[in-house]
1. Starting from region 1-99, pick out the trypsin sites (Lys or Arg not before Pro) whose DSSP state is loop and whose Cβ has at most 16 other Cβ atoms within 10 Å.
2. Test of understanding: in a Gaussian network model of the chain with alpha carbons linked when under 10 Å, which of 190, 142, 213 would top the mean-square fluctuation ranking?
3. Mind ordering 231-238, 214-221 by average Cβ neighbours within 10 Å, highest first?
4. Compute, for the chain, the length of the dipole vector about the Cα centre, with Cβ point charges of +1 (Lys, Arg) and -1 (Asp, Glu) only. Units Debye, rounded to 20.
5. Do you know the relative contact order of the chain, to the nearest whole percent, from alpha carbon pairs under 8 angstrom that are 6+ apart?
6. Taking only Cα atoms, what is the 0 to 90° angle, nearest 10, from helix 210-225's long axis to the longest principal axis of the chain?
7. Whole angstrom only: what separates the Cα centroid of region 114-178 from the Cα centroid of region 1-77?
8. Which net charge results when you count Lys and Arg as +1 and Asp and Glu as -1 among the other residues whose beta-carbon is under 10 Å from that of residue 224?
Amino acid sequence: ATKNAGRNGWMFYQREMGEKIAQRQEMENELRKAIHEEQLRLVYQPRYDIKTSRVTSLEALVRWEHPRQGQIMPDRFIPVAEEAGFISELSDWVMLTACRDVHDLFPGLSVSVNISAVEFKDGALYGRVQRALKLSGLESTRMEIEVTENAMLLNPEKTIQIMNEIRVLGVKFLIDDFGTGYASLGQLRRFPFDGIKLDRSFIMPIETCPDARDIVASLINLGKACSLDITAEGVESKGQMDLLSQMKCDVLQGYYIGRPMPPEQLKKVMPELPGVQDVL
Ligand code: C2E
Ligand code: MG
Ligand code: MG
Ligand code: MG
């Protein structure tokens, strides 16, 4: 009986694995088409500058409007594009669309796009960024690129070189989800970053936990000592916003300021966003 159960268990496992692989393959095929069939959308989340009390930049976040499954979030499909080797193609669409939207709809604001670590692997990034800027007409100083710290560990020398080339254009680099990766600030100092975004997990407990508050205050001071612009991610309450202002954080981003929204909707609600209203 045990032998049979084991055998059935194995067959069940094999069938499950087979289904998973088939599903993954199907998603990969559909995602390749989605890029050209206009199923991808960008939503924009405001980033609020404390010093000027204004929304000064927007982060572009991608969504997939799947014809049968509805909206799919990036955490589910970005890894598929990365592993299947067409993340750069997807990213080209994101960069160009983001630059165009901000150029056409949000005069004076900057836009940040997220790129994957693998996009530093070949030498193509510089030309790709330049192309998005040229085709959209957006001033290069209004474009920012967000990269997670793990991207910095793959091939440091080459990554630094690529970043420096792109920075000559006037484009800025931000470290995304700072504190969640495996890089130390010592390692990161070698890279030409303009700012860091403190991960949401640091911001979440600052109202209730004094230790968490001290850690965030130290990270802000440390960042400032390195002349970096500090963004707090995942700001969800007025209390967090006030604490971060006291701590001299530079930029706030999170549901309390504004959720990610389609560009037309953001344009409409912009004057009513909380941080902005405070000064009106
Ligand atoms: P991220 O770049 O760290 O983006 C922040 C994520 O946190 C977004 O999730 C955003 O909707 C969410 N968020 C913002 N404020 C709050 C808040 O106050 N509370 C909470 N709980 N969440 C908040 P989203 O849009 O699902 O994106 C997830 C990740 O997918 C992004 O993390 C980014 O790493 C990646 N991603 C998104 N768009 C792209 C893209 O175009 N290209 C690449 N390569 N990655 C992308
Ligand atoms: Mg980001
Ligand atoms: Mg982040
Ligand atoms: Mg992230």
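Values in this text are rule-based calculations from the coordinates and carry no lab data. Keep in mind that what you see is a predicted model, and the values were worked out from it rather than measured. A quick note on method: Cβ atoms are made from the backbone with ideal geometry, for glycine too, and the neighbour counts reach across all protein chains shown.
1. Loop-located and lightly packed - 51, 68.
2. 190
3. Numbers: 231-238: 21.1, 214-221: 16.5.
Order by mean packing, descending: 231-238, 214-221.
4. Here the size comes out at about 240 debye.
5. Relative contact order, the chain: 18 percent.
6. With rounding to tens, the tilt is 70 degrees.
7. 24 Å
8. Net of charged neighbours comes to -1.
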